[in-house]
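The values are calculated or read from the model by the stated rules, or taken from the named source; none is laboratory data. The structure presented is a predicted model; accordingly, all values stated were derived computationally and were not measured. Here the Cβ is made from the backbone with ideal geometry for all residues, glycine too, and neighbour counts use every protein chain on show. Only protein heavy atoms, including side chains, enter the accessible area calculation; ligands, DNA and RNA are left aside. Shrake-Rupley method; radii C 1.70, N 1.55, O 1.52, S 1.80 Å.
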Amino acid sequence: MRVLILGGDGYLGWPTAMHLTSKGYKVAVADSYLRRRLCKEEDVAPLFEVPDLRERVFAWKYVSGYNIKVFIGDLAEWEFVETVFRTFIPDAIVHYAEQPSAPYSMLNRRSANLTLKNNLVVTLNLIFAVRKFCPDAHIVKLGTMGEYGTPNIDIEEGWLDVDHKGRHQKFLYPRQAGSLYHTTKIMDTDLLWFYVRMWNFRVTDLMQGPVYGLFTNENEDNEQLLPFFNYDEIFGTVLNRFVVQAVVGYPLTVYGKGNQTRGYLNIKDTLTCIRLSLENPAKIGELRIFNQFTETFSVNELSKKVQSVGNNLGLNVNIQHIENPRKEAEEHYYNPKHTGLSELGLRANLLTDEVLEQMITFVLKHKSKITIDQIHRKIKWA
Ligand SMILES: NC(=O)c1ccc[n+]([C@@H]2O[C@H](COP(=O)([O-])OP(=O)(O)OC[C@H]3O[C@@H](n4cnc5c(N)ncnc54)[C@H](O)[C@@H]3O)[C@@H](O)[C@H]2O)c1
């Protein structure tokens, strides 16, 4: 199967590219280095330097023998999208290529504008490219659990059966996001659902929770192949940030009461979820939605786990509740369903003490590179 990964330089895109080639897929990646550019502009950097995409492809070929085709360009530009699809006609597309940071999207008018335009235009270009070059291809799109928000009823897997005045209809589950970034993901889902109805596409939309970790089966022995590991408030996901804070002796920054609960997953499980979705494609004319996470934790629970494992490793980890910069419920009901991917064969890599220990031990090796002023930028929602 020929798989095109949009956003192949990213935190998830690069590990996915290696994983799929190691399973026999023919893979091409496209990326504009937008994430690298935005990090530079906001003066934040990953924990360690990551070689550019061509260098990583070279390194992966050297150790594995597998090749990955690279396209560098902006997927918001139609001419580039046409070149990519004309050169590498895919059977499936994994679409990661978006501005993925909620805090970045809430920074200012310029960042809001970039997030909105980039995310929607890339998705629209993908839709038109599939129609023109490969109408039967399966689109695997990364959404987010954040699309649902924190409703006071159970969260279903994408769809809700509604009985109203004696009649019945199935609707997309109601969505109410907590940032502009998450709102663009809702709009993406709406766009895809519209074109599934119009043009009979086959689409899997994966409502993914925050991902943690950096080790996969393909990169464990080779630091050159590791993905970005951001620990700043803008691009770092919460557990990755807490691990770095623990290592450098910065009190773990729990926002508000810390009872905000979300579904999390190990980066290894992201790769499996993508592969399982590709192996079991959506049907023609179907928008299939899976909730992609393996465990739920409150921020308090996460911080206590990091504290306990860190202290056992000889660190002195403190937790500090700081004023919540976000506008979100700090106490809420949360019961999201997540059976679809397990039914396809996902066996979770859970957040054990050993997993945390491996992350902390790795970050300790890079402790001298941590810059404290990246950790807390105080980006406010309102
Ligand atoms: N990382 C998570 O915890 C998480 C959780 C839920 C959903 N997601 C979603 O998964 C996807 C990947 O996330 P990530 O953490 O790997 O983010 P990332 O920023 O590391 O990767 C996205 C990649 O897409 C590229 N890109 C963005 N716009 C582009 C454009 N116009 N043209 C070409 N390339 C472009 C970026 O340069 C970057 O390399 C995103 O859509 C994100 O919303 C991520």
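Only Cα pairs under 8 Å and at least 6 apart count here; give the relative contact order of the chain as a rounded whole percent.
Numbers: 738 pairs, mean separation 75.2, N = 382.
Contact order relative to length: 20 percent.
Taking only DSSP H segments of four or more residues, each worth -39500 (n - 2.57), what value at 222 nm results for the chain once the sum is divided by all its residues, to the nearest 500 deg cm²/dmol? Don't jump to the answer; show the numbers that get you there.
Details: 12 runs with 145 residues, N = 382.
After summing the helix terms and dividing by the residues of the chain, the value is -12000 deg cm²/dmol.
Determine, from the Cβ-Cβ distance of I284 and E343 and an R0 of 22 Å, the FRET efficiency 1/(1 + (r/R0)^6), rounded to the nearest 0.05.
Calculated transfer efficiency: 0.60.
Pick from Q99, Q245, Q320 the residue whose mean-square fluctuation is largest in a GNM of the chain, springs joining Cα atoms under 10 Å.
Q320
According to a simple spin-label model (label point 7 Å from Cα along Cα-to-Cβ), what is the distance in nm between E82 and K365?
4.7
Over all distinct Cα pairs, what is the inverse of the mean 1/r for the chain, reported as the Kirkwood hydrodynamic radius in Å? The partial results should precede the final answer.
Working: mean 1/r = 0.0472 Å⁻¹.
Hydrodynamic radius (Kirkwood, Cα pairs) of the chain is 21.2 Å.
Quick one: which of 136-145, 43-52, 254-263 comes out on top by average Cβ neighbours within 10 Å, and what's the full order, highest first? Let's see the in-between values first.
Details: 136-145: 24.1, 43-52: 17.3, 254-263: 18.9.
Ranked by mean Cβ neighbours within 10 Å, highest first: 136-145, 254-263, 43-52.
Stretched out fully, how many nm does the piece from N152 to H332 gain, at 0.36 nm a residue minus the Cα gap? Walk me through the numbers before you get to the answer.
Working: separation 180, 0.36 × 180 = 64.80 nm, distance 0.72 nm.
Length gained between N152 and H332: 64.1 nm.
Cα-based count: Lys pairs in region 122-265 below 29 Å, eight or more positions apart or different chains?
Details: K132/K141; K132/K185; K141/K170; K141/K185; K170/K185; K185/K257.
So the count of such lysine pairs works out to 6.
Convert each backbone phi in region 321-333 into a coupling constant with the Karplus relation 6.51 cos²θ - 1.76 cosθ + 1.60 (shift: θ = phi - 60°), then list the ³J(HN,Hα) values in order as whole Hz, x for Gly and Pro.
7, 10, 4, 6, x, 9, 9, 7, 6, 8, 9, 6, 6
Per residue, how much accessible area does the chain have with a 1.4 Å probe, in Å²? Let's see the in-between values first.
On the way: 16190 Å² over 382 residues.
Value returned for the chain: 42 Å² of accessible area per residue.
In debye to the nearest 20, how big a dipole does region 79-130 give about its Cα centre with +1 on each Lys and Arg Cβ and -1 on each Asp and Glu Cβ?
Working: 4 positive and 4 negative charges, 62 e Å.
Its charge dipole is roughly 300 debye.
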